[in-house]
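Let me begin by presenting the structure, written as structure tokens, before commenting on it.
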Amino acid sequence: MQPVGARYQGLGTYSQQYLDVYATRYNAASMASLAQPAVAAYAEQRFMLQEMNLYSFNAALPTNLGSFGLHGNYFGFDESNQSQLSFSYGRKLSSKINIGAAFHYNQIRQSGIYGNANAFTASVGLMMRLSEQFSAGINAYNPFRPPWNGVKDERLPAQYTFGLGYDAGKNVFISGELVQEEGQDLNVNLGMHYQLVKQFFIRLGISTQTSNYFAGLGFVLGSLRIDLATSYHPQLGFSPGILLLYSFGGKNENLGDNKTP
């Protein structure tokens with residue numbers, strides 16, 4: 001139920017400069033490094049099909065007790081859809097280590113004889129600042145594999161992620177990620193963020209498992225950021241999307257000033 005170009009939205013997860021509120025949904029521990037409260041919304045039409053629309057929102061609130069987050073997803077159409085609501089928490093253990101956890105409520109709704117199903121699950125994450133330029137993170141999603149509606153043979157798959165980020169300079173960030181989902185081949189996500197000028201950046205990358213390419217442009221207007229993004233699958237085509245992100249506190253996180261000591 002993630003966007004096809006999910007790594008576009010999550011590219012800043014392992015960056016000390018370009019972390020943003022949407023990226024924190026991929027590892028709750030990263031949320032502890034946010035500099036200010038923020039909200040975001042994303043819409044995508046998967047493979048240009050109206051029956052495969054995806055809508056999501058994300059919000060995060062940093063406090064002295066840690067950072068709290070809320071995330072929601074809706075994918076599909078009236079007769080068949082999936083949704084998820086997540087509550088997350090991230091906290092700094094030290095200047096170099098963050099921990100986090102999230103709780104997720106998943107629901108499938110289908111018309112006719114198929115009925116509905118729901119399941120609760122959780123994820124835990126760890127973020128490490130290895131140096132001034134390198135960061136790493138690990139995340140375990142659904143490690144306990146709860147069943148849908150208590151049906152033992154119908155379970156959500158577990159997923160384990162390890163990522164590494166390199167802030168190559170003031171304007172360049174490079175990310176690599178290994179994702180192992182239960183029952184699937186290992187997926188490698190590679191991406192780059194390049195800040196052309198203070199108000200404009202580009203992102204591009206690839207997910208190797210499906211040869212899915214993504215790219216996008218971001219514009220910063222004060223505290224508001226607008227991203228126009230797309231991903232491309234060789235057989236299924238394009239999936240265009242738009243992301244709106246608003247940061248409270250007078251500056252946008254994605255200008256290289258989110259870096260904390």
So if a site counts as exposed when it's one of the chymotrypsin sites (Phe, Trp or Tyr not before Pro), its DSSP state isn't H, G, I, E or B, and it has at most 13 other Cβ atoms within 10 Å, what's the longest stretch of the chain without one?
1-113
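Report the extension gain between A41 and S95 in nm, rounded to one decimal, defined as 0.36 nm multiplied by the number of residues separating them, less their alpha carbon distance. List each step's numbers first, then the result.
Values: separation 54, 0.36 × 54 = 19.44 nm, distance 2.97 nm.
Extra length from A41 to S95 when fully extended: 16.5 nm.
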Calculated [θ] (222 nm, deg cm²/dmol) that DSSP helices of n ≥ 4 give over the chain, each run adding -39,500 (n - 2.57):
0 deg cm²/dmol
Over segment 78-172, what relative contact order in percent results from Cα pairs under 8 Å that are six or more residues apart?
20
Sort I97, I113, I108 so that the residue with the fewest other Cβ atoms within 10 Å of its own Cβ comes first and the one with the most comes last.
I113, I97, I108
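How high is the relative contact order of segment 6-229, in percent, counting Cα pairs under 8 Å that sit 6 or more residues apart? Let's see the in-between values first.
Working: 589 pairs, mean separation 31.3, N = 224.
RCO, segment 6-229: 14 percent.
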How high is the FRET efficiency from E154 to I242, r the C-beta distance, R0 25 Å, rounded to 0.05?
0.15
GNM flexibility winner over the chain from G191, G218, G249 (Cα, springs under 10 Å):
G249
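To make sure I understand, if each residue's beta carbon is the centre and we count other beta carbons within 10 Å, what order do S231, S131, S15 fall in, fewest to most? If you can, show how the numbers build up before the last one.
On the way: S231 28, S131 10, S15 24.
Ascending number of Cβ neighbours within 10 Å: S131, S15, S231.
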Treating only Lys and Arg (+1) and Asp and Glu (-1) as charged, each at its beta carbon, one finds that the chain has a dipole about its Cα centre, in Debye to the nearest 20, of 700
Cα-based reach from K170 at 15 Å (exclusive), listing aspartates and glutamates while leaving out same-chain residues under 8 positions away:
E132, E253, D257
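Which value, in nm² and rounded to one decimal, describes the direction-averaged projected area of the C-alpha convex hull of segment 6-229? Walk me through the numbers on the way to the answer.
Details: hull surface 51.1 nm².
If you wrap the Cα atoms of segment 6-229 in a convex hull and average its projections, you get 12.8 nm².
Among the GluC sites (Glu not before Pro) within segment 121-229, which fall in a DSSP loop and have no more than 10 other Cβ atoms within 10 Å of their own Cβ?
On the way: sites: E132, E154, E177, E181, E182; in loops: E132, E154, E182.
Passing sites in segment 121-229 are E132.
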Run through segment 140-246 and list the trypsin sites (Lys or Arg not before Pro) located in a DSSP loop whose Cβ has at most 16 other Cβ atoms within 10 Å.
K152, K170, K198
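Values quoted throughout were computed directly from the atomic coordinates according to the rules given, and no laboratory measurement underlies them. Just so it is clear, the model here is predicted, and its values are computed rather than measured. Methodologically, a virtual Cβ is constructed for each residue, glycine included, from the backbone with ideal geometry; neighbour enumeration extends over all protein chains shown.
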